[in-house]
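First up is the structure itself, then whatever we jot down about it.
Just so it is clear, none of the values below were taken in a lab; they were calculated from the coordinates. The shown structure was predicted, so the numbers you read here are calculated from the model rather than taken from an experiment. In this analysis, Cβ positions are derived from the backbone assuming ideal geometry, glycine residues included, and neighbour counts consider all displayed protein chains.
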Amino acid sequence: MPDNQTIDPSTIREFIVETFLFGDDTGLAEDTSFMESGLIDSTGILEVVDFIERTSGARIQDDHLVPENLDSIERITRFINSLAAEAPAVE
Amino acid sequence: MCGIAGIVQYRGRKPVSRQRLAAMVDALHHRGPDETGLYLDNRAGLGHARLSIIDLSSGTQPIHNEDQTLWITFNGEIFNYPELRKNLEARGHRFYTTTDTEVILHLYEEKGEACLDDLNGQFAFAIWNAEKQTCFLARDRFGIRPLYYTVLDGTLLFASEIKSIFTCPAVPREIDPVAMDQVFTFWAPLPGRTPFKNIRELPAGHCMVVDDGRLETRRYWQMPFRPKADQLDWAPRRIAEEIQARLKEAVRIRLRADVPVGTYLSGGLDSSGITALVARNFQKDVKTFGICFENAAFDEGIYQRRMAEFLGTDHVEQVMSNTQIGSALPDIVWFAEKPLLRTAPVPLFLLSKTVREHNLKVVLTGEGSDEVFGGYNIFREACVRRFWARFPDSEKRANLISHLYPYIFNDPRLKRMMLPFFAKGLDQTDDPLFSHLIRWGNTARIKGYFSDDLAAAVSGYDGLEEVREGLPAEFSEWDHLQQAQHLEMSIFMSCYLLSSQGDRTAMGHSVEVRMPYLDPDVLEFAGRIPANWKILGLKEKYLLKQSFRGTLPDDIALRPKHPYRAPIVESLFGGDNREATLALLNEAALREAGLFDPARVGRLIKKLIGGAHPGETDGMALTGIVTAQWLHERFIRNFPKNEPPGPEPGLVIDRRNEMN
């Protein structure tokens, strides 16, 4: 079973900037809401979820798929790191 | 159906160059491969490339009136020409052909510009009055047939396609940054504009008068939507019957041709309905044509076959592979003369080739039905969001959105993540563009790929504001659905669907498409149907479906709408097309065209080749970038020069040596 990785906010920032912002991070703060700012469209969310599952090694539970966990760099970081904390120790 | 071209020296006079006019006509050969004709005098020249459909033997254009003072070059069809002709004959007009073309000319003689009110058709034409030295140009209500022009040193050059105008070396060829901004927001340049600087389009429903040193354009028609107070209070059943009767008549007069007529059959309600009307009432063994996809996600073959069998039509289906779609894209750009944001026009282009191979020149299609009868999700989405906006905290209201987009919400886990996107702008219900703000906002994201120079050139430009300012005076009297219909029809339908995905893809292989749902009498009636009957609750095209109950099997008539689309990433990066796409998008090529930022495009390519799940935006961006690059390549960088002259014209009227 893969371990759940912790993540650095800069990794998430890089993913968001590369995937949605054409490499330009002007105006993207750690707490910028993706949805309110219009940075990401509805199909973009699928990419965010895919990214988190790949990086964290965890399948995200249905009730975790909420804006409170996914709508900014800060929130994603906190969310992934909380998943890692609950994960079993490395063999 | 044909191609037209012309030269009018509206300031000063000198004989028109035959060679110049002939070159313009030759560039339209695909639109009219059957014969060509020229008219020339000391001030004007009219050219015509003909696809013979009515009066095969004597319909050669340009055509004149009794005393040869009026000359016309005409592209299109006037479906009610026999009725108009009868009236004109009763008033003493004499005809030397049996064409619809000649009918326009005499009607113009009789009524002047008001002749346009009587024409039920799809057309673009120019009438030269050799006596008064004036020119009158017009385009049909929806712009089904194209007409472009430019003005150069007191000379008006016009043609069915821009490439014809570009055969004149003096005409500069340059991409218009504002048009790029518009395409990358609205899918097409707004009415009147083209992708090229100084090349204008005569907008749908407009005419132009050229009179001694003056050029004047005006709107002659507006969408016949009626305000709520004037709408029908009939029972829905009676409305459905009337829709059926008007559609039947629209189909009947669209079968008028001296060559056989076929239909396109997609398997959806609209084209099935038209095909059923043809097969049941007029032409039992009608030939039908349908598109199937190698890629099952896009395929509707099973429904097409079901319909073809049900109606007993002579059905031809063509399977489109991803590779075919990718490799035909440059040709589409050549014919469409615009960047595209989806590949959906390609299969229609390939299908028109098959139509020609089966010796047909004319097909009826289901185009226009979704716009006229309320079939699109964007209409329902606006309804729901307006309803939701009254109580933004209502979860029940919010949840209605997920019924509209089962393919976005098919993962129920994502519901709570998706809804906030549709909640954006709920406070903007007073904006006249409310229905379209989400779509246009999403599309405009792909402007992020613009080069710094292009972005700077449009930095002060606001396309939404231009649309708001251009809204007709009647707009505020229409109901919300009519307002959304107007936005959809005047921009996306006229400038994209009927053009890049309509006339051009068909005419690329010399095929004429006819659209019964856009018949003026159907429109006039639909304009009086209350919004709540067009879309009942969330049921799209409710009344249209009712009107086809009994004519079509229920699983077709009541089938949820399947949007017609074609694969993008697999087509452009699949198989042999990958190298060509990469070459087109390499840094040097991008820098030369100057439209896109190579680093950003590089990221997109890396992402898509890397197999990442392509978002909607990615597909639009890729198609937009590739097709804009092709546009630059074919029209700016490598526009064909000194093409060999085409065949000798079948008709030349040369009055350049006469005194006038």
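Loop-resident chymotrypsin sites (Phe, Trp or Tyr not before Pro) (DSSP state other than H, G, I, E or B) in region B:336-432 with no more than 14 further Cβ atoms inside 10 Å of their Cβ: B:TYR407. Cβ crowding within 10 Å ranks B:GLU466, B:GLU512 as B:GLU466, B:GLU512, fewest other Cβ atoms first. Averaged over the residues of peptide B:615-624, the number of Cβ atoms from other protein chains lying within 10 Å of each residue's Cβ is 3.
Shape class for region B:377-478: oblate, because the ratio a/c of the largest to smallest gyration tensor axis (alpha-carbon atoms, square roots of eigenvalues) is 1.5 or more and b/c is at least a/b.
Annotation note: trypsin sites (Lys or Arg not before Pro) in region B:101-185 located in DSSP loop regions with a Cβ neighbour count of at most 11 within 10 Å are B:LYS132. Just going by the charge dipole of chain B, with Lys and Arg at +1 and Asp and Glu at -1 on Cβ, which of B:PHE391, B:MET307, B:SER352 is farthest out on the positive end? The Cα lying farthest towards the positive end belongs to B:PHE391.
Taken about its Cα centre, region B:377-478 carries a charge dipole of roughly 820 debye when the Cβ of each Lys and Arg holds +1 and the Cβ of each Asp and Glu holds -1.
Every helix of 4 or more DSSP H residues in chain B counts as -39500 (n - 2.57), and over all residues that averages to -11000 deg cm²/dmol at 222 nm. For a modelled paramagnetic label at B:LEU215, 7 Å from Cα along Cα-to-Cβ, the residues of region B:175-203 in reach, with backbone nitrogen under 14 Å, are B:192-194, B:197-203.
Over all distinct Cα-Cα pairs of region B:152-277, the Kirkwood formula returns a hydrodynamic radius of 19.4 Å.
What is chain B's relative contact order, in percent, from Cα pairs under 8 angstrom and six or more apart in sequence? This gives 19 percent for chain B. Taken residue by residue and averaged, Cβ atoms of other chains lying within 10 Å of the Cβ of B:413-423 number 6. Going by a ≥ b ≥ c, the root eigenvalues of the Cα gyration tensor, does region B:143-207 fall in the rounded group (a/c under 1.5), the prolate group (a/b larger than b/c) or the oblate group? It comes out oblate by the Cα gyration axes.
In a simple Cβ point-charge model (Lys, Arg +1; Asp, Glu -1; nothing else charged), the protein assembly as shown has a dipole of about 1620 debye relative to its Cα centre. With all pairs of different alpha carbon atoms counted, what Kirkwood hydrodynamic radius in Å does chain B show? Its Kirkwood hydrodynamic radius stands at 25.7 Å.
For region B:205-353, averaging the sequence separation of C-alpha pairs within contact (under 8 Å, six or more residues apart) and dividing by the residue count gives a relative contact order of 15 percent.
For region B:351-361, putting each phi into the Karplus relation 6.51 cos²θ - 1.76 cosθ + 1.60 with θ = phi - 60° gives couplings of 5, 5, 5, 5, 4, 5, 5, 8, 6, 10, 10 Hz, in residue order, rounded to whole numbers and with x for Gly and Pro. In this structure, B:ARG637 and A:ALA29 have a Cβ-Cβ separation that, at R0 = 30 Å, corresponds to a calculated FRET efficiency of about 0.10.
Restricting region B:47-92 to trypsin sites (Lys or Arg not before Pro) that sit in a DSSP loop and have at most 16 other Cβ atoms within 10 Å of their own Cβ leaves B:ARG91. Starting from the Cα gyration tensor of the protein assembly as shown, take the square roots of the eigenvalues, sort them a ≥ b ≥ c, and report rounded, prolate or oblate (rounded when a/c is under 1.5, otherwise prolate if a/b is larger than b/c, else oblate). Note, shape of the protein assembly as shown comes out prolate.
Amide H to amide H, with H built 1.01 Å from N, B:GLY262 comes under 5 Å of B:VAL362, B:VAL363, B:LEU364, counting only residues 5 or more places away or on other chains. A simple spin-label model places the labels of B:GLU174 and B:ALA473 3.7 nm from each other, with each point 7 Å out along Cα-to-Cβ.
The value of relative contact order for region B:3-51, using C-alpha pairs under 8 Å at least six residues apart, is 49 percent. Computed from the C-beta positions of B:ARG252 and B:LYS284, the FRET efficiency with R₀ = 22 Å rounds to 0.90. Per-residue shielding of A:43-54, expressed as the average number of other chain Cβ atoms within 10 Å of the residue Cβ, stands at 4.
Rounded to the nearest 5, the antiparallel percentage of DSSP beta bridges internal to the protein assembly as shown is 75%.
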